[in-house]
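The values are calculated or read from the model by the stated rules, or taken from the named source; none is laboratory data. All figures in this text were calculated on a predicted structure; none of them were measured in a lab. Cβ atoms come from the backbone with ideal geometry, glycine included; neighbour counts cover every protein chain shown.
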Amino acid sequence: MSNSACLNCIDLSEPDIHKSVSLLKQACEDSGFFYVVNHGISQELVDEVLAQSKRFFDLPLKEKMKLLRNKKHKGYTPILDETLDPDNQVHGDCKEGYYIGVEVPEDDPRSQKPFFGSNRWPSSDVLPGWRDTMLKYHEEALEVVKSISKIIALALDLNAEFFIKPEILGEPIATLRLIHYSDEVSNPEKGIYGAGAHSDYGLITLLLTDEVLGLQICKDKDAQTQVWEYVPPMKGAFIVNLGDMLERWSNCIFRSTLHRVIVNGQERYSVAFFVEPNHECVVECLPTCKSAANPPKFPPVTCSAYLSQRYKETHADLSVYSGNGV
């Protein structure tokens, strides 16, 4: 069995900001993963989100397929829909999911942008209170990410407000993803995973999980023999990790780490909150992260173009579901 990773824990109520910056900087340079506690979201809301998520996934497949994800990546993603590590997987991930993005009315010009628009919602007759719970959590989780981004900015020798400027996180692409892992036992030797090995695409991911062990990280993805360590759930804490976009921004000073989910025969539920900058935000090497010895490693790219390409690479084409009456 794999060992458990030893991760730093960032307390958002810590009055000594220098202590938090030091802990976070160490974590971001080491693995890009850390815990966050005293984040301000009530345990009651956290429990309700997990309970409402389970209620949705307990619905008959026919009901869930009525809410199949659209081209804006909003709605239901069936089991095997996503293949995160195609080189090593025999089929898609043994998980189903549900995407909830920023709610933008269809008559709003912003709804023409990728990932924006109206969400797909289960009927309130079927799942009463479901929509309100998810929107409340989406709103509160975004505030937590903004608080974390201030510490990240300071750790990169930037102004604390750098990431929450209007042109960066003023209208972010913030996506909530409910995830249910089936009880199919993972077998890496046979290419079967709850979620294949991958790094996240964007800026910051805020992860809520139930108490079932499953998430693993590999701190050195280039090692000849990859070493995988479990990240144990911690009651009342979020698991936070950095995405590839922040690795690009920081010129690889901060890490976007390979991770996967190994299922041991128990169903598992988690809620990932992916936060990326505004569509037009240009991600290019930060001034504090380049030098003569460390010139910029990546060309500038807009957030929207980068994300759209990454989603296209990992999700099944929607045409494969055309025979399902959706």
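Within the stretch 270-326, take every residue that is in contact with a helix residue (DSSP H, G or I) (Cβ under 6 Å, 6 or more places away or on another chain) and at pLDDT below 90 and give me the one that is farthest from F115 (Cα to Cα).
Per the criteria, the residue is N324.
So which residues in the stretch 6-20 are closer than 22 Å to F254 by Cβ and either surrounded by fewer than 20 Cβ atoms within 10 Å (Cβ to Cβ) or free of Cβ contacts under 8 Å to residues at least 12 places away in the same chain (or both)?
First pass over the stretch 6-20, keeping only residues closer than 22 Å to F254 by Cβ: 6-12, 14, 16-20.
C6, N8, C9, D11, L12, E14, D16, I17, H18, K19 - these are the residues of the stretch 6-20 that are closer than 22 Å to F254 by Cβ and either surrounded by fewer than 20 Cβ atoms within 10 Å (Cβ to Cβ) or free of Cβ contacts under 8 Å to residues at least 12 places away in the same chain (or both).
Given the criterion free of Cβ contacts under 8 Å to residues at least 24 places away in the same chain and not in a loop (DSSP other than H, G, I, E, B), identify the matching residue among R131, R110. Working first, answer last.
On the way: R110 fails: free of Cβ contacts under 8 Å to residues at least 24 places away in the same chain.
Every option except R131 fails the conditions.
Each row is one residue, and each column tells you yes or no for (1) within 30 Å of A155 (Cα to Cα); (2) in a loop (DSSP other than H, G, I, E, B); (3) touching a residue at least 60 places away in the same chain (Cβ under 8 Å).
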site: V36; (1), (2), (3): yes, no, yes
site: H39; (1), (2), (3): yes, yes, yes
site: V46; (1), (2), (3): yes, no, yes
site: V49; (1), (2), (3): no, no, yes
site: Q52; (1), (2), (3): no, no, yes
site: F56; (1), (2), (3): no, no, yes
site: E63; (1), (2), (3): no, no, yes
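From the set of residues in the stretch 146-180 that are in contact with a Phe, Trp or Tyr (Cβ under 6 Å, 6 or more places away or on another chain) and not polar (S, T, N, Q), which is farthest from I253 (Cα to Cα)? Let's see the steps before the verdict.
We begin by selecting, within the stretch 146-180, every residue in contact with a Phe, Trp or Tyr (Cβ under 6 Å, 6 or more places away or on another chain); these are 149, 153, 169, 173, 175-178, 180.
Now restrict to residues that are not polar (S, T, N, Q): 153, 169, 173, 176-178, 180.
On the way: A153: 13, L169: 21, I173: 24, L176: 27, R177: 28, L178: 30, H180: 33 Å.
The qualifying residue farthest from I253 (Cα to Cα) is H180.
Go through the stretch 113-128 and give me each residue that's over 18 Å from P172 (Cβ atoms) and either assigned to a helix (DSSP H, G or I) or of a type in the set (S, T, Y) (or both). Even if it seems obvious, please write down each step before you answer.
Residues of the stretch 113-128 that are over 18 Å from P172 (Cβ atoms), as a first pass: 120-128.
Passing the criteria: S123, S124.
Please tell me if E29 is surrounded by fewer than 18 Cβ atoms within 10 Å (Cβ to Cβ), touching a helix residue (DSSP H, G or I) at 6+ places or on another chain (Cβ under 6 Å), outside any strand (DSSP E or B) and of a type in the set (D, E, K, R). Before the answer, list the steps.
On the way: surrounded by fewer than 18 Cβ atoms within 10 Å (Cβ to Cβ): yes; touching a helix residue (DSSP H, G or I) at 6+ places or on another chain (Cβ under 6 Å): no; outside any strand (DSSP E or B): yes; of a type in the set (D, E, K, R): yes.
No; evaluated as a whole, the condition is false for this residue.
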